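Data block below; observations after.
Any read-out appearing in this document is the output of simple, stated calculations on the displayed coordinates, not a laboratory observation. Being a predicted model, the structure only gives us computed values, none of them experimental. In this analysis, Cβ positions are derived from the backbone assuming ideal geometry, glycine residues included, and neighbour counts consider all displayed protein chains.
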Amino acid sequence: VAEPDEREPDYRFTLANERTFLAWQRTALGLLAAAVALVQLVPELTVPGARRALGVGLAVLATLTSGMGLVRWRQADRAMRHGDPLPRHPTPAYLAVGLSVVGLVAIGLVLAKAVMG
């Protein structure tokens, strides 16, 4: 049910918002696929349990990315319907930090493997 002060936004903006939402969902699916592949296909790493920890980290990041994409889509849709400015959201920074942490751990594991043989 539409609120009294809502108005239908230009369909191009609505579709752009949906494309952005779908991009977040594709990113989440990619992260989830990486998590499953890591746990199921990669042999155990030098540090016991590291493979599983990285997989869980990627799966958590995938879940959060999917949820944050939905939140961003709803906030942008609401702002467009009420004529408000689009909200700023730290979601891209969260994703970048999460991926950086996973990447640094992976680099550490590669270096540990090189040193330990």
Inset, instruction - Consider Leu109 carefully, then state whether it is surrounded by 13 or more Cβ atoms within 10 Å (Cβ to Cβ), in contact with a Leu (Cβ under 6 Å, 6 or more places away or on another chain), touching a residue at least 60 places away in the same chain (Cβ under 8 Å) and not in a helix (DSSP H, G or I). - result: no
Inset, instruction - Could you tell me whether Arg51 is loosely packed, with under 13 Cβ neighbours inside 10 Å and basic (Lys, Arg)? - result: no
Legend entry - Among the candidates Gly69, Gly83, Gly57, Gly98, residue that is in contact (Cβ under 8 Å) with a residue 24 or more places away in the chain and within 18 Å of Arg19 (Cα to Cα): Gly69
Legend entry - Verdict on Arg7 being of a type outside the set (Val, Ile, Thr), surrounded by 15 or more Cβ atoms within 10 Å (Cβ to Cβ) and farther than 30 Å from Met116 by Cβ: no
Inset, instruction - Look through Leu22, Leu15, Leu58 and report the one residue that is surrounded by 13 or more Cβ atoms within 10 Å (Cβ to Cβ) and either within 19 Å of Val97 (Cα to Cα) or of a type in the set (A, V, I, L, M, F, W, C) (or both). - result: Leu58
Legend entry - Qualifying residues in the stretch 80-100 (those that are closer than 15 Å to Val60 by Cβ and hydrophobic (A, V, I, L, M, F, W, C)) - the one nearest to the chain's Cα centre (by Cα): Leu95
Inset, instruction - Restrict the check to the stretch 69-87 and report whether at least one residue is among the basic types (Lys, Arg) and not in a helix (DSSP H, G or I). - result: no
Legend entry - Check on Thr20, among the hydroxyl-bearing types (Ser, Thr, Tyr) and under 15 Å from the mean Cα position of the chain (by Cα): yes
